């Protein structure tokens with residue numbers, strides 16, 4: 001056994017992690033949502049969430065050289081400031097409350113937002129500091145509670161029709177910083193132990209391969225395809241998570 005799990009369980013998990021990393025390499029998001037929604041069926045959320053956050057840090061750092069020029073530093077600072085205060089609240093919810101109803105609420109909200117954006121919805125005043133900071137508050141709370149802090153930000157960015165490269169570069173960098181912060185808080189509260197570290201290390205190889213292939217596909221894709229594919233992925237991820245949560249009630 002590794003990380004307290006049987007090898008048969010781990011062998012089922014590895015292909016899921018690879019596909020999720022492929023998605024993330026292309027879009028900059030979706031890895032945590034896909035893996036946590038899928039793997040929490042066989043691995044307790046309190047173990048899989050911090051493990052996936054550790055993996056996402058390593059995978060994101062490897063992508064920094066290719067996205068550095070595309071980062072919107074103003075938005076990154078404002079979003080990060082909002083998340084700074086909201087992440088501890090999310091972690092408290094993860095540790096102390098049943099996660100099933102929380103996942104249902106998160107999935108429903110993201111699914112509704114994605115459909116609205118697909119139909120042309122936009123956020124008024126999306127460039128104001130207060131609005132950008134509020135997006136960071138929502139993201140930080142959801143990242144601590146369910147490891148899906150990237151999804152509300154994708155909704156936010158797409159509603160403003162940012163360029164694909166800016167969305168991807170800013171989002172990847174933000175998630176690296178947010179996940180480092182979340183993991184430091186989780187370590188302080190005893191949620192990251194040796195078994196979590198083992199699980200994260202096991203996932204690094206499929207994550208590295210998937211991220212590399214996904215990144216190459218993004219560089220070859222026309223920019224106009226990004227928004228359409230990203231919205232479709234949002235609806236697929238949130239819809240799948242919602243369906244699984246309802247079945248498990």
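How many residues does the range 33-66 hold that are over 17 Å from the mean Cα position of the chain (by Cα) and either in a helix (DSSP H, G or I) or in contact (Cβ under 8 Å) with a residue 60 or more places away in the chain (or both)?
Qualifying residue count for the region: 4.
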Exercise for the section: Please indicate, with yes or no, whether at least one residue in the range 25-46 is under 28 Å from residue 246 (Cα atoms) and at pLDDT 85 or above. Expected result: no
Completion exercise
residue 64 meets each of (1) buried (at least 22 other Cβ atoms within 10 Å of the Cβ); (2) farther than 23 Å from residue 107 by Cβ; (3) at pLDDT 90 or above with one exception, condition (1)
Exercise for the section: Mind listing whichever residues of the range 194-236 are modelled with pLDDT of 85 or more, under 17 Å from the mean Cα position of the chain (by Cα) and surrounded by fewer than 18 Cβ atoms within 10 Å (Cβ to Cβ)? Expected result: 204, 208
Problem - Sole exception among (1) surrounded by fewer than 16 Cβ atoms within 10 Å (Cβ to Cβ); (2) touching a residue at least 60 places away in the same chain (Cβ under 8 Å) for residue 187, by number - result: (2)
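The values are calculated or read from the model by the stated rules, or taken from the named source; none is laboratory data. Keep in mind that what you see is a predicted model, and the values were worked out from it rather than measured. When we count neighbours, we look across all protein chains shown, and the Cβ atoms used for this are built from the backbone with ideal geometry, even at glycine.
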